[in-house]
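*Asks:* Encoded as structure tokens, here's the structure I'll be asking about.
The values are calculated or read from the model by the stated rules, or taken from the named source; none is laboratory data. A quick note: this is a predicted structure, and the numbers were derived from the prediction, not measured. In this analysis, Cβ positions are derived from the backbone assuming ideal geometry, glycine residues included, and neighbour counts consider all displayed protein chains. Heavy atoms of the whole protein, side chains included, go into the accessibility calculation; ligands, DNA and RNA do not. Shrake-Rupley method; radii C 1.70, N 1.55, O 1.52, S 1.80 Å.
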Amino acid sequence: MSRRLKHGVLLIALAQLILALGVLALPRLVQALPGEYRVRLAQVPAVEPLLRLGETPMPTALPAPQRSAGNQPITIPDLATATATPMPTVTARPAEPADSSQPAAATATPTATATATPKPLPRQARIEGLDIIPQGFNNCGPANLAINLNFWGNPTTQDEAAAYLKPNREDRNVSPWQLSDYVNQFTDLRSTAHSGGDLALLKRLIAAGFPVVIEKGYELPREGWLGHYLTVFGYDDEKEEVVSMDTNLGPWDGSGRYDSYADIERYWQQFNYTFFVVYPPAREQEVLDILGPELLDQGAMWRRAAEKAQAEIEAGAQNAFAWFNLGTSLTRLGEMTGQAAFYENGAAAFDEARSIGLPPRMLWYQFRPYMAYMKLGRYQDMLDLAESTLSTQGGRNVEETYLYKGHAMLFTEDVEGAVAAYEQSLKLNENFYTEQWALDSLGRE
């Protein structure tokens, strides 16, 4: 064999070896790509199949609870008269965790009271003067916040808001309470956030000239179910439509996106009818009058939300989102009252929602199941849910998951594992103060 032929064979062998190593390494390289770049590259038809090589398949649903066949049917406590029952006795436990949805130094909720009688609503209303802002990657929260701040004359951009709210660009969630508190803490405007809203409330705010940001479910062809924010600024009773700004899909001429009342209610329900509104301080009383005492009082608000969820369950017992909303509202009432009955029945409602089937990304955005299970000593449920969320790249960028995983590990005496979880959460969001509190309580910095 000639020297040239030998060199040729050697080059072919080397090329094959490099190709084989490349194929083996490709999945790891793809997994290492930030989600933002993966989304952009997925728009290129020739590249999209390669991205799937390193993609961790999204679970089909959150894991179902391990419930015994002998469980008693779920009973809902009387929301007005539920009494405390003994909680499990525990030792060597972490300090009571704060509500992880609240940012540091949050300002107080408005203290003014609702006084006015609601006026009859017009059949149509539309607020003029809002400008659409295309969102950055997973940035619908800061983008919608900027739309509303800009409308009222505050020049804050989505990037400026995101720099504080989600310093990690890969962060998959900013809660409505955080967005609202950002307004109260860092701007000259005011904001308030609530759950348990309805279409009539949206109409009253819009008719009075106040755009409303709602948190809702969102289904996209490739990505599947996600959470999203919309700024609602108009409605039409004749057509039964609302008009909103969609920072992800547009349209970009400012004309607005039109959704039927039925669709808005369906997807808004998936986030317990949660919303926030931004307004000038001089018009605070107007907003409070529209909200009314049922939403201004936290206990009344969560009772209202729980009762609404109960009614939806009675209308359709296989509605997993209604069960989840009931669990969230009961758990919130448990946190306010300390009554174990709320935690017990809240956890049972979450169990029912999980058994029916919840989207795998549900706990990217809403976290009360962790609290309900923690109060009942169900630490394995906390870990199961956390590990399911952390199994994909997006879920690994939800700092709240590491907070509750850390709590579960600390309760099960894995102190070093808890510290690692808290530190990872703080690494994802240095402004997520509850992790720092947890570390401080353990003597770690």
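*Asks:* Starting from the 7 Å offset along Cα-to-Cβ, what nm value, one decimal, do you get for the label separation of residue 317 and residue 440?
*Replies:* Here the answer is 4.9 nm between the modelled labels.
*Asks:* Expected output is a single nm value to one decimal: the length gained when fully extending between residue 200 and residue 263, i.e. 0.36 nm times separation in residues minus the C-alpha distance. What is it?
*Replies:* Working it through step by step, the gained length comes to 21.2 nm.
*Asks:* So, one more: Shape verdict for segment 121-176, please, from the Cα gyration tensor: rounded (a/c under 1.5), prolate (a/b greater than b/c) or oblate.
*Replies:* It is prolate, given that a/c is not under 1.5 and a/b is the larger ratio.
*Asks:* Then there's this: Which lysines, if any, have their Cα less than 25 Å from the Cα of residue 166, not counting same-chain residues under 8 positions apart?
*Replies:* In chain and number order, the partners are 216, 405, 427.
*Asks:* With a 1.4 Å probe and every protein chain left in place, tell me how much accessible area residue 304 has, in Å² to the nearest 10.
*Replies:* That residue has around 50 Å² of solvent-accessible surface.
*Asks:* Report the dimensions of segment 215-338 along its three principal axes from the alpha-carbon atoms, largest first, rounded to Å.
*Replies:* Between the extreme Cα coordinates on each principal axis of segment 215-338 lie 50, 43, 28 Å.
*Asks:* Please list 3J(HN,Hα) in residue order for segment 343-355, calculated via the Karplus relation 6.51 cos²θ - 1.76 cosθ + 1.60 where θ = phi - 60°; whole Hz, with x for glycine and proline.
*Replies:* Going residue by residue, I get 5, 4, 6, x, 4, 4, 5, 4, 4, 5, 4, 5, 5 Hz, with x marking Gly and Pro.
*Asks:* Residue-wise, which Karplus ³J(HN,Hα) couplings in Hz belong to segment 162-176, taking 6.51 cos²θ - 1.76 cosθ + 1.60, θ = phi - 60°, and x for glycine or proline?
*Replies:* Residue by residue, segment 162-176 yields 5, 4, 8, 6, 8, x, 8, 4, 7, 4, 8, 8, 10, 6, x Hz.
*Asks:* Amide H to amide H under 5 Å from residue 212: which residues, 5+ apart in sequence or cross-chain, H placed 1.01 Å off N in plane?
*Replies:* Here the answer is 232, since their amide H atoms fall under 5 Å of that of residue 212.
*Asks:* Then there is this: Find the centroid of the Cα atoms in segment 125-168 and in segment 281-331, then give the distance between the two in whole Å.
*Replies:* Segment 125-168 and segment 281-331 have Cα centres separated by 26 Å.
*Asks:* Please compute the length gained on full extension between residue 185 and residue 416, using 0.36 nm multiplied by the number of residues separating them and subtracting their Cα-Cα distance.
*Replies:* Full extension from residue 185 to residue 416 adds 79.7 nm.
*Asks:* Under the 0.36 nm per residue contour assumption, what length would be gained going from the current alpha-carbon distance of residue 157 and residue 255 to full extension?
*Replies:* Between residue 157 and residue 255, full extension yields 33.2 nm more.
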